[in-house]
Amino acid sequence: MSDEQVKSLEEIFEARIARDEKIEPKDWMPEKYRKTHIRQISQHAHSEIVGMLPEGNWISRAPSLRRKAALLAKVQDEAGHGLYLYSACETLGISRDELYEQLHTGKAKYSSIFNYPTVTWADMGAIGWLVDGAAIINQVPLCNTSYGPYARAMVRVCKEESFHQRQGFEIMLKLCNGSPEQKEMAQDALNRWWWPSLMMLGPTDAESVHTEQSMKWKLKRKTNDELRQQFIDQTVPQADLLGLTIPDPNLKWNDETGSYDFGEIDWDEFWQVVKGHGPCNKERMDARVGAWEKGAWVRDAAMAHAKKKENKKLKEAV
Amino acid sequence: MQNKNLFHYILGIADNSLILGQRLGELCGHGPSLETDIACTNISLDLIGQTRSYYQYAAKISEEDKTEDDIAFLRLEREYKNVLLVEQPNKHFGYVMGRQFLFDVYHLMLMQELQNSKDETLVAIAKKGIKEVSYHKRFSTDWVKRLGDGTEESNQKMQEAIDGLWRYTDELFQLTDADKAMVELGVGVDVSKFKEAYYTEVTEVLKEANLTIPESKYFTSGGKKGVHSEHMGYLLSDLQYMQRTYPNMKW
């Protein structure tokens, strides 16, 4: 294809996006669009899968049968999200094995929030309320993103995430209405998860390398800083309702801007965790790689069995 | 308690679901593939759901102002009446599927019979559970066949699991005093009756999976009387952790 032809295809492509048309797997797309989408969708899928670990950590110790069932269902939903996000990613011409390989070798990233430990039951509440809350703010705009399979997967993901968020809030509410020990547990969880949740919305706009291009492709509709402000403004009244204190002495309502001013985020901590040196980066990767390696004989057996069955069928047909 | 035998009969069934559900829940996020992970979590979820229905019923008839959670979390090890089979650890995926398969074949037979109980609540629970348990059995049977037939390594591992778990199968068909009393009243199921059908069915699947039927005639039991394996205490310390650490609180 000549440069001119490519240029004209690119123009048609950009025009389609501008008209809010969906791009489908078989449509022509610029290589950069394809790669950016593989990066983002797989990062999202990996986050779902790694995100199963900190919550899975409490399934065996959930405090009631109702909570145990709800937590199992929630972690199962996350696995389901991972599954259809991997499938959406595969439509861009990459296999699931390749995607796992990228995760396991550290080439692909996942949400840094999952590198923090879940040390009490209240963390199940805080993750639902704050982490899923921040995820929804990040993800709702993606229901209208330009790449069809991703947008459709996100519609379902968002519906389930918003259920999870309410469930998390309800765990917190129960703790806050419970004994002093339970309330203290809830406050402690908020103290530990608040700042990492703010970091989840990404580096500041000045530091964000992908924002401009992603806005153009509707992979992003608002900047990181705008999303973070939205999250804070939405969450502070919820903390008030719970009777919990946001661990930020500089948090203050600003009449002029109509939103909350907040303190400095510790970006050194953010980059430390992103670069692989958070409290649980190693544990999470060991768990994922371990499950994959320990499961190799099972996957091999399934393939071998399927092949034998197929051969048998062929023989019978002959 | 007037319905003491019924109470213990229900627990005898429900504890199996609770403990197996607990074991499967431990695997969440650590399965050999995303699909098997989802399936095992799903089975765990079904079993915990069944457990809740049974315990809610048991709590209602206990006349002691108990809740489902009191029954699930606040008993002593000796008071749990699950069979030894379901408490065995997740040694590897072959064990997980072997344990599931050996239990599911029995479980489905039990559910089918329980539909004819004179106790309406048990009938309702069985009718709902039967769909779930049929799926569990299909899933575990397929995996036993896949692993038995797959590769040399998987065949060895599946055989190791069947050999290791076989000795716990006989207990499934033993009746406690509460069981006998309930069978007498037409409420309980006489599980000893389907022992033969069970071994016939299991043997067929194992043969198809290229696995050898263990020849040992030595079996181990005790769970139904509350005498468990050494694994049980650790399982319970996880299960009961919150309720024991923070007594008398609502979650």
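With the structure loaded, tell me whether A:Gly263 is more than 14 Å from chain B (Cβ to nearest Cβ) and exposed (fewer than 13 other Cβ atoms within 10 Å of the Cβ) or whether it fails that test. So A:Gly263 fails the test.
What number goes with the only condition from (1) buried (at least 17 other Cβ atoms within 10 Å of the Cβ); (2) among the polar types (S, T, N, Q); (3) more than 19 Å from B:Asn82 (Cα to Cα) that B:Ser134 does not pass? Going through (1) buried (at least 17 other Cβ atoms within 10 Å of the Cβ); (2) among the polar types (S, T, N, Q); (3) more than 19 Å from B:Asn82 (Cα to Cα) one by one, B:Ser134 breaks only (1). Those helices (runs of 4 or more DSSP H) of the stretch A:207-318 in which 1 or more residues are within 26 Å of the chain's Cα centre (by Cα) and of a type outside the set (A, V, I, L, M) occupy A:211-216, A:224-242, A:267-272, A:281-294.
Would you check if there is a residue in the stretch B:22-41 being touching a helix residue (DSSP H, G or I) at 6+ places or on another chain (Cβ under 9 Å), over 28 Å from A:Leu85 (Cα atoms) and free of Cβ contacts under 8 Å to residues at least 60 places away in the same chain? Within the stretch B:22-41 (the criterion being touching a helix residue (DSSP H, G or I) at 6+ places or on another chain (Cβ under 9 Å), over 28 Å from A:Leu85 (Cα atoms) and free of Cβ contacts under 8 Å to residues at least 60 places away in the same chain), the answer is no, since none of the residues qualifies. B:Asp37 - would you say it is over 27 Å from A:Ala45 (Cβ atoms) and charged (D, E, K, R)? No, not satisfied.
Of note, A:Gln182 does not satisfy the criterion of being of a type outside the set (Val, Ile, Thr), more than 14 Å from chain B (Cβ to nearest Cβ) and out of contact with any Pro (no Cβ under 6 Å at 6 or more places or on another chain). The single condition among (1) part of a loop (DSSP other than H, G, I, E, B); (2) acidic (Asp, Glu); (3) within 14 Å of chain A (Cβ to nearest Cβ) that B:Glu215 does not meet is (3). When the stretch A:179-209 is limited to residues that are surrounded by 17 or more Cβ atoms within 10 Å (Cβ to Cβ) and among the small types (Gly, Ala, Ser), the one that is farthest from A:Leu65 (Cα to Cα) turns out to be A:Gly202.
Within the stretch A:108-136, the set of residues being in contact (Cβ under 8 Å) with a residue 60 or more places away in the chain, buried (at least 20 other Cβ atoms within 10 Å of the Cβ) and under 30 Å from A:Asp20 (Cα atoms) comprises A:Tyr110, A:Ser111, A:Val131, A:Gly133, A:Ala134, A:Ala135. Of the listed requirements (1) more than 28 Å from A:Arg166 (Cα to Cα); (2) within 14 Å of chain B (Cβ to nearest Cβ), A:Trp271 misses just one: (2). For the stretch B:102-131, a residue qualifies if it is among the acidic types (Asp, Glu) and either in contact with a strand residue (DSSP E or B) (Cβ under 6 Å, 6 or more places away or on another chain) or more than 23 Å from B:Tyr168 (Cα to Cα) (or both), and the qualifying residues are B:Asp119, B:Glu120. Filter the stretch A:145-165 down to the residues that are out of contact with any Asp or Glu (no Cβ under 9 Å at 6 or more places or on another chain) and surrounded by fewer than 21 Cβ atoms within 10 Å (Cβ to Cβ), then identify the one that is nearest to A:Trp217 (Cα to Cα). So the residue we want is A:Ala151. Residues that are outside any helix (DSSP H, G or I) and within 14 Å of chain A (Cβ to nearest Cβ) were ranked within the stretch B:65-109; the one that is surrounded by the most Cβ atoms within 10 Å (Cβ to Cβ) is B:His92. State the number of residues belonging to the stretch B:110-123 that are assigned to a helix (DSSP H, G or I), farther than 21 Å from B:Lys225 by Cβ and in contact (Cβ under 8 Å) with a residue 60 or more places away in the chain. Of the residues in that region, 4 qualify. Could you look through the stretch A:187-220, keep only residues that are under 17 Å from A:Val274 (Cα atoms) and hydroxyl-bearing (Ser, Thr, Tyr), and pick out the one that is modelled with the lowest pLDDT? Here the residue is A:Ser208. Inside the stretch A:105-141, residues that are assigned to a helix (DSSP H, G or I), within 14 Å of chain B (Cβ to nearest Cβ) and over 18 Å from A:Leu244 (Cα atoms) make up a count of 1. Restricting the stretch B:28-64 to residues that are in a helix (DSSP H, G or I), at the interface with chain A (Cβ under 7 Å from one of its Cβ atoms) and more than 18 Å from the chain's Cα centre (by Cα), the residue that is surrounded by the most Cβ atoms within 10 Å (Cβ to Cβ) is B:Asp37. Out of B:Arg138, B:Arg146, which single residue is within 8 Å of chain A (Cβ to nearest Cβ) and among the basic types (Lys, Arg)? Of the residues listed, the single one that is within 8 Å of chain A (Cβ to nearest Cβ) and among the basic types (Lys, Arg) is B:Arg146. Of the candidates B:Gly25, B:Gly12, the single residue that is surrounded by 20 or more Cβ atoms within 10 Å (Cβ to Cβ), within 13 Å of chain A (Cβ to nearest Cβ) and either more than 22 Å from B:Glu77 (Cα to Cα) or of a type outside the set (A, V, I, L, M) (or both) is B:Gly25.
On the stretch given as the stretch B:233-251, residues that are within 7 Å of chain A (Cβ to nearest Cβ) and among the hydrophobic types (A, V, I, L, M, F, W, C) total 4. Test B:Ala178 against the stated conditions and say whether it is in contact (Cβ under 8 Å) with a residue 24 or more places away in the chain and among the small types (Gly, Ala, Ser). Considered against the rule, which asks whether it is in contact (Cβ under 8 Å) with a residue 24 or more places away in the chain and among the small types (Gly, Ala, Ser), B:Ala178 comes out as yes.
The values are calculated or read from the model by the stated rules, or taken from the named source; none is laboratory data. This structure is a prediction, so every number in the text was calculated from the model and none was measured. Positions of Cβ are backbone-derived with ideal geometry, glycine not excepted, and every protein chain shown enters the neighbour counts.
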